[in-house]
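Here the structure is laid out as structure tokens; the discussion comes afterwards.
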Ligand code: PEP
């Protein structure tokens, strides 16, 4: 059985000090829910303090990005090794990075390889715009993103990473995908594409998160879907009680509480 994983993407919110406070607020409630992998993804500057704050627990820390080169004259960038010093996970190809910072499928692929090379677990984001959905192009778009992201990876590497299906129209809008839509894309597109590219065992091993307006109110239904193995949570991860409830609901949905 795939262990569910719930990651909080704090985006450009919370100073290092505020991030540590937030973690401390959640820690006692989150530590007993060991059946769900729980991960905080703060800004780069908050990562070292947050990682120290979770030391001695099984709570994980992830970065929101990295650069694929190992070192050198890349002003403003952070290397895989630098991320690895403090993190076990890294979000790659979030739609906000694709939209505002010009990230391409090719760059996403290079970042995934660079992350895997240093032992980080990539959380690879894919998802369609509202326009594409309305044009009936969700399946082909997401499929193409998955194919491009995984280009050149071994089955073993693919089995170890995490995919996150994040429909762009659902991010930060309060309009989450229906549980059926989340299931259809996570299972019928992302997992099916991996099965086609690799094999059934690899596809069955990959964990696939849903992201987009996950909340305490909808977490149970969405996380109950068999091909949804957790979530990537933005807004609701900034409120301790909401994130804790979402993690609890995930454990309940998977029959693990
Ligand atoms: C995200 O940005 O990854 C996200 C899913 O945001 P939100 O939960 O706020 O929709």
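Tell me which residues, restricted to region 107-130, are touching a strand residue (DSSP E or B) at 6+ places or on another chain (Cβ under 8 Å) and part of a helix (DSSP H, G or I). Selection gives 108, 111, 112, 115, 116. Can you say whether residue 246 is within 14 Å of residue 38 (Cα to Cα), near the ligand (Cβ under 10 Å from one of its atoms) and either crowded, with 20+ Cβ neighbours inside 10 Å or under 15 Å from the mean Cα position of the chain (by Cα) (or both), as far as the supplied structure shows? Yes. Within this structure, residue 123 passes the test of being under 14 Å from the mean Cα position of the chain (by Cα), buried (at least 24 other Cβ atoms within 10 Å of the Cβ) and within 28 Å of residue 46 (Cα to Cα). Among the residues of region 153-161, is any crowded, with 18+ Cβ neighbours inside 10 Å, without any contact (Cβ under 8 Å) to a residue 60 or more places away in the chain and either more than 23 Å from residue 37 (Cβ to Cβ) or within 16 Å of the ligand (Cβ to nearest atom) (or both)? Within region 153-161, none of the residues are crowded, with 18+ Cβ neighbours inside 10 Å, without any contact (Cβ under 8 Å) to a residue 60 or more places away in the chain and either more than 23 Å from residue 37 (Cβ to Cβ) or within 16 Å of the ligand (Cβ to nearest atom) (or both). Of all residues in region 131-140, those being assigned to a helix (DSSP H, G or I), surrounded by fewer than 18 Cβ atoms within 10 Å (Cβ to Cβ) and either within 16 Å of the ligand (Cβ to nearest atom) or free of Cβ contacts under 8 Å to residues at least 24 places away in the same chain (or both) number 3. Residues in region 191-217 that are in contact with a helix residue (DSSP H, G or I) (Cβ under 9 Å, 6 or more places away or on another chain), touching a residue at least 60 places away in the same chain (Cβ under 8 Å) and within 13 Å of residue 232 (Cβ to Cβ) were compared, and the one that is farthest from the ligand (Cβ to nearest atom) is 209.
Let's see how each residue does on (1) more than 16 Å from the ligand (Cβ to nearest atom); (2) assigned to a loop (DSSP other than H, G, I, E, B); (3) touching a strand residue (DSSP E or B) at 6+ places or on another chain (Cβ under 7 Å); (4) on the phi < 0 side of the Ramachandran plot:
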site	(1), (2), (3), (4)
143	yes, no, no, yes
146	yes, no, yes, yes
169	no, no, no, yes
181	no, no, no, yes
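All of the numbers you see were taken from the coordinates with simple rules; none came from a lab. Just so it is clear, the model here is predicted, and its values are computed rather than measured. Because the Cβ atoms are built from the backbone with ideal geometry, glycine has one as well, and the counts that use them run over all protein chains shown.
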